[in-house]
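*Asks:* Can you read through this structure? Questions will come right after.
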Amino acid sequence: MQVLTSWPEWERWAAEKKYTLLPYVLKSDLDLGLPVSWENAWQAAAPYSLLLENGKGGRYTYLGLRPVSVLKGKGAVAEMLDLSRPGSEAVQLSGAPLDLLRQWIRPYRSPALAASAALPPFTGGVAGFLGYDVARSLERLPSKALDQPGFPDYVWLRFEQLWIYDHAEQALYCAVYTPVVAAGCEGLEDLYQQAAAEAEAMLAEWRRLAASALTTTAAEADGIVAAVEAAGSGTDGMWPGMSTAFAVENFQAAVRAVQEYIRQGDVFQVNLSLRQEAPLASTPEQVYEWLRKLNPSPYMGLLRSPGFALSSASPELLVKLHGDKVSARPIAGTRRRGHTPAEDAAMEAELRGSEKEIAEHIMLVDLERNDVGRVAAYGTVRVPELMTVERYSHVMHLVSQVEGIIAPGKDAYDVIAAMFPGGTITGAPKVRTMEIIEELEPVRRGPYTGSMGWIDYSGDMELNIVIRTLAVQDGIGYIQTGAGIVIDSDPYREYRECHNKAKAVVKAVLCSEKLQELRNAGGAEGGATR
């Protein structure tokens with residue numbers, strides 16, 4: 001084991017008299033591994049908790065089970081909960097979401113650990129989500145769509161203890177942030193020893209989680225998948241028993257309305273989405289476990305809060321700020337996966353050869369370049385990667401990378417304001433497309449096409465785009481997917497593309513419900529649990 005924040009560093013940081021939190025980070029090089037299932041973690045968690053995972057070729061998993069405070073809100077109304085003081089009343093706040101978020105985290109100042117190559121990019125700070133409708137605080141938008149079921153616009157959790165698992169090094173980091181007085185601190189050494197003891201306790205807790213017995217064996221999981229596939233339900237990307245406010249004929253009419261706006265010169269492309277909803281017969285945690293198995297993705301996450309949860313397998317980064325480097329990774333252009341390697345290669349060739357998909361992708365890369373340019377120093381924006389094909393369980397996408405150097409005087413919240421919501425899930429030009437989305441989509445998007453991720457105490461951050469996600473509120477599940485509409489779009493094909501994108505999440509839901517059914521029955525052949 002290694003202690004990566006030494007006592008002399010604490011003394012130096014305290015002497016600088018500018019920090020309110022000091023970090024203690026313990027690294028275990030023993031290959032403790034990831035828990036095969038997070039189920040036992042949730043049993044030990046507070047009602048608010050969060051997991052962020054790089055599930056496909058990524059490096060880190062972040063787990064926070066017991067936040068010290070929560071900021072959540074709807075529109076201009078918010079509340080802050082101090083979870084470190086049980087029984088304390090919520091503090092009522094008002095203001096724009098990003099302003100409140102900035103004000104909430106501003107008093108917490110800590111040394112910038114991410115500058116060290118030996119440490120993960122996120123060891124402590126706030127993590128949570130921003131719903132799509134936070135855009136209403138950034139742009140003047142109409143209010144036409146139904147606000148149903150009234151999702152929160154944002155939920156953020158502040159952590160002073162965080163587990164970070166490094167997949168590349170197979171190492172675990174236990175990070176503890178200890179409040180200190182900014183002007184120095186009597187008894188600092190006692191606080192250092194207390195932080196060390198807390199980190200050791202976190203390491204012991206992780207050992208218990210990693211060593212916990214499987215709740216479902218690989219063979220049993222395979223049996224559940226086989227049973228779901230044999231039933232044929234959900235193979236078309238439609239959740240059995242679901243309802244939607246956007247019937248196929250209405251969706252196709254909306255596509256034609258978008259095309260008329262394009263003819264009139266209002267827009268070049270609009271991302272139009274539809275939502276499915278149904279009672280969830282399992283739990284958000286179980287759905288997330290199946291998303292990990294069936295559709296591992298670069299920007300996965302599970303946010304838990306009373307009455308509301310998000311289980312996300314997002315492939316897309318909205319924006320990342322690390323030091324002075326701003327990065328975005330737009331996705332635009334989709335084909336389904338082939339059933340054989342030859343068919344898969346043919347689908348890739350079709351995607352790469354599609355003038356429609358290439359034109360749409362280039363247009364949205366230009367939009368992202370413009371958004372990054374709003375907060376980047378002049379002349380620093382570049383596109384080091386253009387139109388790579390990335391594969392996921394049910395679809396493949398065209399992906400690019402846009403980068404820039406942040407301008408002096410700008411911070412993470414300025415970057416979010418410039419980039420949010422992502423242009424790939426609105427269209428171009430962004431503000432006009434959001435007005436059209438509000439006109440044509442029957443319900444507000446809520447979490448869908450918002451962002452989930454983290455902001456650390458030094459101002460670095462990473463946010464995904466909330467797609468390929470199940471939102472759950474009061475026992476009802478919501479799956480929303482979209483398609484980019486251009487002048488030559490076929491309305492029914494775009495409707496089918498929405499359902500193709502929903503297949504992985506629908507399958508995860510059905511597998512989780514099948515598992516719950518077997519548990520309720522006390523186990524069954526091919527799906528018994530331990």
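*Asks:* For region 222-330, just say rounded, prolate or oblate: build the C-alpha gyration tensor, square-root its eigenvalues into a ≥ b ≥ c, call rounded for a/c under 1.5, and beyond that prolate if a/b exceeds b/c, oblate if not.
*Replies:* oblate
*Asks:* Can you tell me the 0 to 90 degree angle between the C-alpha axis of helix 188-211 and the longest principal axis of the chain, rounded to 10?
*Replies:* In the chain, helix 188-211 runs at an angle near 40 degrees to the longest axis.
*Asks:* Rounded if a/c is under 1.5, else prolate if a/b beats b/c, else oblate: with a ≥ b ≥ c from the C-alpha gyration tensor eigenvalues square-rooted, which is region 1-120?
*Replies:* oblate
*Asks:* Here is a follow-up. Counting only Cα, what are the radius of gyration and maximum Cα-Cα distance Dmax of region 2-520, in Å?
*Replies:* In Å, with Rg to one decimal and Dmax whole: 22.8, 70.
*Asks:* Cα to Cα, under 22 Å, and not fewer than 8 places away if on the same chain: which lysines meet these conditions relative to residue 507?
*Replies:* Of all the lysines, those that pass the test against residue 507 - Cα under 22 Å, at least 8 places apart if same chain - are 56, 293.
*Asks:* Expressed as an acute angle from 0 to 90° and rounded to the nearest 10, what is the orientation of the C-alpha long axis of helix 355-373 relative to the principal long axis of the chain?
*Replies:* Tilt of helix 355-373: around 30 degrees.
*Asks:* Does anyone have the angle between helix 430-440 and the longest principal axis of the chain? Alpha-carbon axes, 0 to 90°, nearest 10?
*Replies:* 60
*Asks:* How high is the relative contact order of region 65-186? Use alpha-carbon pairs under 8 Å, at least six apart in sequence, and give a whole percent.
*Replies:* Here the relative contact order equals 28 percent.
*Asks:* State to the nearest 20 debye the size of the charge dipole of region 2-520 about its Cα centre, where the only charges are +1 on K and R beta carbons and -1 on D and E beta carbons.
*Replies:* For this selection, approximately 420 debye.
*Asks:* Taking neighbour counts of Cβ atoms within 10 Å as a proxy for exposure, in what order, fewest first, do 137, 212 appear?
*Replies:* Neighbour counts put them in this order, fewest first: 212, 137.
*Asks:* Also, I was wondering about something else. Which residue, 280, 93, 223, has the largest displacement toward the positive end of the dipole of the chain when charges sit on each Cβ (Lys, Arg +1; Asp, Glu -1)?
*Replies:* Going by the Cα projections, it comes out as 93.
*Asks:* How high is the relative contact order of region 2-520, given as a whole-number percent (alpha carbon pairs under 8 Å, six or more residues apart)?
*Replies:* Dividing the mean separation by the residue count of region 2-520 yields 22 percent.
*Asks:* In terms of modelled amide H atoms, which long-range or inter-chain residues lie less than 5 Å from the amide H of residue 333?
*Replies:* HN-HN under 5 Å from residue 333: 398.
*Asks:* Okay, next question. Among 361, 339, 394, which comes first, second and so on when ranked by fewest other beta-carbon atoms within 10 Å?
*Replies:* 339, 394, 361
*Asks:* Based on the mean of other Cβ atoms within 10 Å per residue, sort peptides 444-455, 467-478 so the most packed one is first.
*Replies:* 444-455, 467-478
*Asks:* Within the chain, what is the longest stretch that has no GluC sites (Glu not before Pro) placed in a DSSP loop and near at most 10 other beta-carbon atoms within 10 Å?
*Replies:* 187-524
*Asks:* Using the Cα centre of region 1-115 as the reference point, and only Cβ charges (+1 on K/R, -1 on D/E), how large is the resulting charge dipole? Debye, rounded to the nearest 20.
*Replies:* Dipole size: approximately 340 debye.
*Asks:* Which one of 361, 417, 265 has its Cα pushed farthest toward the positive end of the charge dipole of the chain, where Lys and Arg give +1 and Asp and Glu give -1 at the Cβ?
*Replies:* Going by the charge dipole, the pick is 265.
*Asks:* Among the listed pairs 72/356; 144/514; 27/410; 320/430; 320/501; 18/410, which are separated by more than 31 Å between their Cα atoms?
*Replies:* 72/356; 144/514; 27/410
*Asks:* Which of rounded, prolate or oblate describes region 214-277 when judged by the alpha-carbon gyration tensor and an a/c cut-off of 1.5?
*Replies:* Since a/c reaches 1.5 and a/b is larger than b/c, the shape of region 214-277 is classed as prolate.
Bear in mind that the values in this text are calculations on the coordinates, not laboratory data. Computed from a predicted model, the values in this text were never measured in an experiment. We place every Cβ from the backbone using ideal geometry, glycine too, and count neighbours over all the protein chains shown.
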